[in-house]
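Rule-based calculations on the coordinates, nothing more; no lab input. Nothing here was measured: the structure is a model prediction, and the numbers come from that model. FYI the Cβ positions are ideal-geometry reconstructions off the backbone, even for glycines, and counts take in every protein chain you see.
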Amino acid sequence: MNEQLAALYVLIRRFEGCRLRAYICPAGVWTIGWGATGKGVFPGAVWTQAQADARLYQDAQVFVAAVLKASPSLTGGALCAIADFAYNLGAGAYRGSTLRRCIDAGDMEGAKRQLARWVNGGGRVLPGLVLRRAAESALL
């Protein structure tokens, strides 16, 4: 699991970037650090790099657990890919998705097609999400 978490941290860092002042992301959500939202994220918030890194590690583990609860057979690169997807869009988005149905059925080609559909933010296609979904697909 530690190897999978290390790969997940790399993937998240690659696509989230790190901002130590709270900002509104393209989807209209207050965000800080390595894409953290929710508790402790509010207008005017400022974090240290250590706070951002600690929150990344904590949140990544939460999303791995949520993905494994929904799809217990996931391992390796596929687990990393889907945990990154959930980190980016939320565990609820994964749980209710056709992507999950494909994953649970072992249909990785279908899962790749589904990942490619999740590239919009703020009502438009975001090039960064296109690249992120391609990286996740490559791990499947």
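From the Cα gyration tensor of the chain, with a ≥ b ≥ c the square roots of its eigenvalues, which class applies: rounded if a/c is under 1.5, or else prolate if a/b is larger than b/c, or else oblate? Let's see the in-between values first.
Details: a/c = 1.97, a/b = 1.46, b/c = 1.36.
It is prolate, given that a/c is not under 1.5 and a/b is the larger ratio.
So if I place +1 on the C-beta of Lys and Arg and -1 on the C-beta of Asp and Glu, and nothing else carries charge, what would the dipole magnitude of segment 2-139 be about its Cα centre? I want it in debye, nearest 20.
On the way: 16 positive and 9 negative charges, 77 e Å.
Approximately 380 debye in magnitude.
Given labels modelled 7 Å from the Cα in the Cβ direction, how far is it in nm from V125 to M108?
So the label points at V125 and M108 sit 2.6 nm apart.
Just how far, in whole angstrom, is segment 90-140 from segment 13-51 if you go by their alpha carbon centroids?
For segment 13-51 versus segment 90-140, the Cα centre distance is 22 Å.
With a cut-off of 8 Å between alpha carbons and a minimum separation of six or more residues, what is the relative contact order of segment 1-100 in percent? Kindly include the intermediate steps, with their values, before the conclusion.
Details: 122 pairs, mean separation 25.1, N = 100.
It rounds to 25 percent for segment 1-100.
Lys and Arg at +1, Asp and Glu at -1: add these up for the other residues within a Cβ distance under 13 Å of A7 and post the number. Walk me through the intermediate numbers first.
Details: positive: R13, R14; negative: E3, D84, E136.
Result for the neighbourhood of A7: -1.
Quick check: residue separation of E3 and A135 times 0.36 nm, minus the Cα distance between them. What number comes out in nm?
On the way: separation 132, 0.36 × 132 = 47.52 nm, distance 1.74 nm.
Fully extending the segment from E3 to A135 adds 45.8 nm.
So what's the back-of-envelope 222 nm ellipticity for the chain, counting only DSSP H runs of four-plus at -39500 (n - 2.57) apiece and dividing by all residues, rounded to 500? Kindly include the intermediate steps, with their values, before the conclusion.
On the way: 7 runs with 84 residues, N = 140.
Roughly -18500 deg cm²/dmol at 222 nm, from the helical runs in the chain.
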